[in-house]
Amino acid sequence: MALHRLQAIRVGVTDPVAQAGFYGEMGLTTSDGSLFDSPDGGTQIHVSESPFRRLLSVELGVDSESDLDEIAGRLAALGARHTKSSGELVCVEPHTRIEFRVRPLPRLRQTATSAVPLNAPGSSPRIDRRSSGVFPGARSPRRLGHIVVATPSWRETRAYLLDGLGFKVSDEFTDLITFLRCSTDHHNIALVGGEVPFLQHCSWECDDVDHVGHLATKLLAADADRHTWGFGRHFIGSNFMWYLRDPSGSFVEFYSDMDRIENDAEWENVGRTAVALENVGLAWGPSMPMEFIVPKDIDVLKAGWASHT
Ligand SMILES: [Fe+2]
């Protein structure tokens, strides 16, 4: 695979100051209030002012300049417009208007943290000690893991990402949702159908379930209305999850323990399981809220896109 990482996204929001404040509460760092860094991923969020919330661009990493040539060749074969200069390929997916910027980047390297030993029947690695998971531990997530994007042309956007940019399908429920990867993460971009394009959620990797819990709890202590969906475990991707609403109206997920795919054939033969409607959501946890399917601001988004085009 030429692609190997989701590096960053640029979000357009009506209130960049409020959005910046939220990312600061998450623990992301910034020097200018518009670019936000995670500990493992470097700069991962660009915040811009926009008349309505939208995903403006996505930055992806490849290994080399020749990988850019490969992508340019596939886009040309599709008749998709793109520009390629030394060190960067830029193209716009026509149905979501998302700009993709692809350039050679180092592969993601992450160091392991010491895991919290979990006691269980017949296995008690933690004896005569409290679990470190009970002590205050709110801290920044490690990195941006994936985004979920709504598109009014699910099949066409899916084809653009697969046949043009070179994503791979990890799981999908046709015409409803597809989970695409450009790294060893189970998914880096998922596509859902929507009347207009919008960023449904962005998702941030945490060390473990306690990291997820402490971070979400800290943000909910400041504003309980942020809670959207969770705590639970997804069936697709297997990850623990907890979703909050950010000031723009997009959701933010904190996750841990996602499926990792290193061997495509092994995943297809052994890992991948059939996706039915009943397990598109969670393996266990609360029911999916309606606003997760139709956002509360859908009329604002529709009006925004109508005035934009
Ligand atoms: Fe997610």
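The values are calculated or read from the model by the stated rules, or taken from the named source; none is laboratory data. Just so we're clear, the structure is a prediction, and the values are computed from it rather than from any experiment. Positions of Cβ are generated from backbone atoms using ideal geometry, with glycine treated the same way; all protein chains shown enter the neighbour counts.
Some values worked out for this structure:
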read-out	value
Every residue from the stretch 60-73 that is surrounded by fewer than 18 Cβ atoms within 10 Å (Cβ to Cβ) and part of a helix (DSSP H, G or I)	Glu65, Ser66, Asp69, Glu70, Gly73
Matching entry among His187, His201 (being assigned to a loop (DSSP other than H, G, I, E, B), within 12 Å of the ligand (Cβ to nearest atom), surrounded by 17 or more Cβ atoms within 10 Å (Cβ to Cβ) and of a type outside the set (Ser, Thr, Tyr))	His187
Condition met for Asp128 (charged (D, E, K, R) and more than 16 Å from the ligand (Cβ to nearest atom))	yes
Cβ pairs under 9 Å, 6+ apart, first in the stretch 264-286 and at pLDDT below 95, second of a type in the set (D, E, K, R) and not in a helix (DSSP H, G or I)	Gly271/Asp259; Arg272/Asp171; Thr273/Asp171; Val275/Asp171; Val275/Glu172; Leu282/Arg233; Ala283/Arg233
Scan of the stretch 164-184 for residues that are closer than 20 Å to Val90 by Cβ and in a strand (DSSP E or B), ordered by number	Leu180
Count of the stretch 143-162 residues which are away from the ligand (no atom under 16 Å from the Cβ) and over 14 Å from Ala190 (Cβ atoms)	6
Every pair of residues 6+ apart whose Cβ atoms lie under 6 Å, when the first sits in the stretch 7-24 and is more than 18 Å from Arg97 (Cβ to Cβ) while the second is modelled with pLDDT under 95 and crowded, with 18+ Cβ neighbours inside 10 Å	none
Search result, residues across the stretch 278-309 that are under 21 Å from the mean Cα position of the chain (by Cα) and among the basic types (Lys, Arg)	Lys296
Total residues in the stretch 35-55, condition surrounded by 16 or more Cβ atoms within 10 Å (Cβ to Cβ) and either assigned to a helix (DSSP H, G or I) or not β-branched (Val, Ile, Thr) (or both)	13
Output for the stretch 5-25, where each listed residue is crowded, with 18+ Cβ neighbours inside 10 Å and of a type outside the set (Gly, Ala, Ser)	Arg5, Leu6, Gln7, Ile9, Arg10, Val11, Val13, Pro16, Gln19, Phe22, Tyr23
Residue count, the stretch 256-277 (criterion: under 19 Å from the mean Cα position of the chain (by Cα) and either aliphatic (A, V, I, L, M) or assigned to a helix (DSSP H, G or I) (or both))	2
Candidate set: the stretch 82-120, residues that are among the hydrophobic types (A, V, I, L, M, F, W, C) and in a strand (DSSP E or B); chosen: the one surrounded by the fewest Cβ atoms within 10 Å (Cβ to Cβ)	Ala120
Selection status of Ser256, over 22 Å from Asp225 (Cα atoms) and touching a strand residue (DSSP E or B) at 6+ places or on another chain (Cβ under 6 Å)	yes
In the stretch 98-135, the residues that are in contact with a Ser or Thr (Cβ under 7 Å, 6 or more places away or on another chain) and under 20 Å from His211 (Cα atoms)	Val116
Of all residues in the stretch 234-258 being of a type in the set (D, E, K, R) and touching an Asp or Glu at 6+ places or on another chain (Cβ under 8 Å), the one that is farthest from Met288 (Cα to Cα)	Asp257
Lone unmet requirement of (1) within 15 Å of the ligand (Cβ to nearest atom); (2) closer than 26 Å to Asp69 by Cβ for Leu165	(1)
Selection from the stretch 215-255 of residues that are surrounded by fewer than 20 Cβ atoms within 10 Å (Cβ to Cβ), of a type outside the set (Ser, Thr, Tyr) and part of a helix (DSSP H, G or I)	Lys218, Leu220, Ala221, Ala222, Ala224, Asp225, Arg226
